[in-house]
Amino acid sequence: MADQYQIPGSLVETWHLNNRINLRLLDALSKEQLASTLAPRGKAVTSYFAHIHMARFYWLERRASALAKKLRKLPLSTSNRAVLRQALIDSGNAMGELFAEAERTGQMKGISSRLGPVGFLAYSVNHEGHHRGQILLHLKIAKMPLDRAVGYSLWYWNKI
């Protein structure tokens, strides 16, 4: 069995696959779904996407500040799909650069040797998957569920 640390490009490609899944979900949602809240002053679905971007921003600030400086901070209230999409593309690319550097060096600033770059990739992908799940649950509770075909397409990783 191949050593997971020795497979060139695996961290970067896995990261970019995760980002393409986020973008596919964002693109699939209607304006009404994106604006959906569960309470009069509750957070809208768009806030989950803004949070994903901002988490990346903070991870990059601590691990590769030069990459973070290229990004724009977004308030969680950002509701414009195009702005959210571009932010996810930009922060996704910056995270890809972080993982590319980790592949070259085998290390990542601010990450323990016990966790390592692969562990941080697992953590960050898990974090974003958690929020995708929250979005799907939010929409289901709001009686605006994601189209089944779109939901299944999020798992067609060979086509994303």
To the nearest 10 degrees, the tilt of helix 81-105 (Cα long axis) against the first principal axis of the alpha carbons of the chain is 20 degrees
Each label sits 7 Å from Cα toward the beta-carbon; between Q107 and L137 the label points are separated, in nm, by 3.9 nm
Relative contact order of region 94-160 (C-alpha contacts under 8 Å, at least 6 apart) in percent is 15 percent
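Using mean Cβ contacts within 10 Å as the protection proxy, how do 20-31, 64-75 order, highest first?
Numbers: 20-31: 16.8, 64-75: 14.7.
Going from most to least packed, we get 20-31, 64-75.
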Place a point 7 Å from the Cα of K69 in the direction of its beta carbon; the residues of region 94-119 whose amide N falls under 17 Å from it are 94-95, 98
Expected vector for region 9-15, Karplus 3J(HN,Hα) from phi with 6.51, -1.76, 1.60 and θ = phi - 60°, integer Hz, x for Gly and Pro, equals x, 5, 5, 5, 5, 4, 4
Taking only the alpha-carbon positions of the chain as identical scatterers, the Debye log10 I(q)/I(0) at q = 0.12 Å⁻¹ comes out as -0.54
Taking Cα atoms only, helix 116-141 is inclined relative to the longest principal axis of the chain by an angle, in degrees rounded to 10, of 10 degrees
The exposure ranking of E128, E32, E61, fewest beta-carbon neighbours within 10 Å first, is E32, E61, E128
For region 59-68, in residue order, the Karplus 3J(HN,Hα) values (coefficients 6.51, -1.76, 1.60; θ = phi - 60°; whole Hz; Gly and Pro = x) are 4, 5, 4, 7, 10, 7, 4, 5, 6, 5
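Just order 85-95, 102-112, 142-152 by mean Cβ neighbour count inside 10 Å, highest at the front, would you? Write out the running numbers ahead of the final one.
Details: 85-95: 19.1, 102-112: 14.3, 142-152: 12.5.
Taking the mean over residues of other Cβ atoms within 10 Å, the ranking is 85-95, 102-112, 142-152.
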Note on the chain: contact order normalised by length, alpha-carbon pairs under 8 Å, 6 or more apart, percent, works out to 31 percent
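Bear in mind that the values in this text are calculations on the coordinates, not laboratory data. Predicted model only: the values in this text are computed from it and were never measured. Glycine also receives a Cβ, built like all others from the backbone with ideal geometry; neighbour counts cover every protein chain displayed.
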